[in-house]
Amino acid sequence: MKQLTLVRHAKSCWKDPQLADFDRPLNKRGLRDLPGLAARAGAMGLRPDLIISSGANRAINTAVQLARGIGYPPEEIENIAELYHARSETLMNLLQSQSDYHRHIVVVGHNPSLELLGTYLTGEKFSKFPTCGLLHIP
């Protein structure tokens, strides 16, 4: 059975108005929340074959901390810059293009695309997909 886990990046910092949105780092709350995200994923027994992340700084940092927390090699995270501001259709196309070898894929990215994809795949409307949020679809 195939599994998909969608993870929204941890809370990011808006302090530097000169910094491009793509380059924004995690803020103190985001850094504080990451161990909890990794603990939840570990408690759920999530062991992905592949982690794909948006190329944005906040998403990559979230993916790395999640990977470390669940025993996935961070150097094997696929950094896909196009996931930044991707439409949910783009995410779906990306997932459909993955090898059948992958039984469980984690996607670390952004809203609203993750929320829209989650709604499409589950048929359920989410009131909110919060930062550091996780949606597992078995």
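Over the stretch 31-131, the fraction of Cα-Cα pairs per 5 Å bin, rounded to whole percents and listed from the shortest bin up, is 2, 13, 22, 24, 24, 12, 2, 0. Working ranking of peptides 114-127, 26-39 by packing, defined as the average number of other Cβ atoms within 10 Å per residue, highest first, is 26-39, 114-127. For the stretch 61-67, the Karplus equation 6.51 cos²θ - 1.76 cosθ + 1.60, evaluated at θ = phi - 60°, returns couplings of 5, 5, 4, 5, 5, 4, 4 Hz by residue, with Gly and Pro reported as x.
The lysines within cross-link reach of Lys11, meaning a Cα-to-Cα straight distance under 20 Å and a gap of 8 or more places when in the same chain, are Lys28, Lys128. Placing unit charges on each Cβ (+1 for Lys and Arg, -1 for Asp and Glu) gives the chain a dipole about its Cα centre, and among Met92, Val7, Pro74 the Cα reaching farthest toward its positive end belongs to Val7. Taking amide H atoms as placed 1.01 Å from N in the peptide plane, the amide H of Thr5 lies under 5 Å from those of Ile105, Val106, Val107, Ile137, each 5 or more residues away in sequence or on another chain.
Using a simple charge model, +1 on the beta-carbon of Lys and Arg, -1 on the beta-carbon of Asp and Glu, nothing else, what dipole does the chain show about its Cα centre, in debye to the nearest 20?
Details: 16 positive and 13 negative charges, 131 e Å.
Magnitude of the dipole: close to 620 debye.
Counting other Cβ atoms within 10 Å, keep those with at most 10, restrict to DSSP loop, and tell me which chymotrypsin sites (Phe, Trp or Tyr not before Pro) in the stretch 1-91 are left. Filter output for the stretch 1-91: Trp14. Taking Cα atoms only, the orientation of helix 113-122 departs from the longest principal axis of the chain by about 20 degrees.
Would you mind checking which residues have amide H under 5 Å from Gly133's amide H? H placed 1.01 Å from N; only 5 or more apart, or other chain. Those lying under 5 Å, H to H, from Gly133 are Arg8. Phi angles of the stretch 25-40 translate, via the Karplus equation with coefficients 6.51, -1.76, 1.60 and θ = phi - 60°, into HN-Hα couplings of x, 6, 8, 4, 5, x, 5, 5, 7, 4, x, x, 4, 4, 5, 4 Hz per residue; Gly and Pro are given as x. Computed in the context of the full set of protein chains, the accessible area of the chain at 1.4 Å probe radius has 53% of its extent on carbon or sulfur.
The mean accessible area for residues of the chain, using a 1.4 Å probe and ignoring ligands and nucleic acids, is 54 Å² per residue. The Cβ shell under 12 Å around Gln3 holds other residues with a net charge of +2, Lys and Arg each +1, Asp and Glu each -1.
The values are calculated or read from the model by the stated rules, or taken from the named source; none is laboratory data. All values derive from a computational prediction rather than experimental measurement. Glycine also receives a Cβ, built like all others from the backbone with ideal geometry; neighbour counts cover every protein chain displayed. Please note that ligands, DNA and RNA were not included when accessible areas were found on the heavy atoms of the full protein model with its side chains. Shrake-Rupley method; radii C 1.70, N 1.55, O 1.52, S 1.80 Å.
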